[in-house]
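A quick write-up on the structure given underneath.
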Amino acid sequence: MKPSKAKKEHDLLKLFEEFIAKMKRGKRVQKNGKRITGGVIINYENTCRVLKDFSEKCDFELRIISI
């Protein structure tokens, strides 16, 4: 059996905000190389806001665990 590696936990909201910021700066683009449109970015921002509200109301930390 292989030795287990340490699992890393990441804050989902922090990663999601970084993802949105990269889209705004043009670092993340569509498959064809075009920039992601403003409407799509607004949808991601709204999703992030809803996730934050859920996390705060339910006192529930949103994390991603890499394995």
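Any chance you could count how many residues in segment 55-64 are hydrophobic (A, V, I, L, M, F, W, C), more than 13 Å from the chain's Cα centre (by Cα) and open to solvent by less than 90 Å² (accessible area, probe 1.4 Å)?
1
Rundown of residues vs (1) touching a residue at least 60 places away in the same chain (Cβ under 8 Å); (2) open to solvent by 70 Å² or more (accessible area, probe 1.4 Å); (3) of a type in the set (D, E, K, R); (4) in contact with a Ser or Thr (Cβ under 9 Å, 6 or more places away or on another chain), yes/no style:
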{"residue": "Phe16", "(1), (2), (3), (4)": "no, no, no, yes"}
{"residue": "Gly33", "(1), (2), (3), (4)": "no, no, no, no"}
{"residue": "Asn43", "(1), (2), (3), (4)": "no, yes, no, no"}
{"residue": "Asn46", "(1), (2), (3), (4)": "no, no, no, no"}
{"residue": "Asp53", "(1), (2), (3), (4)": "no, no, yes, no"}
- Message: Just the residues that are under 19 Å from Lys14 (Cβ atoms) and in a loop (DSSP other than H, G, I, E, B), please, taken from segment 33-62.
- Response: Cys58, Asp59, Phe60, Glu61, Leu62
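The values are calculated or read from the model by the stated rules, or taken from the named source; none is laboratory data. Bear in mind the structure is a predicted one, so any value in this text is a computation, not a measurement. Glycine gets a Cβ as well: all are built from the backbone with ideal geometry, and neighbour counts include every protein chain shown. These area figures cover heavy atoms from the full protein model, side chains too; ligands, DNA and RNA do not enter into them. Shrake-Rupley method; radii C 1.70, N 1.55, O 1.52, S 1.80 Å.
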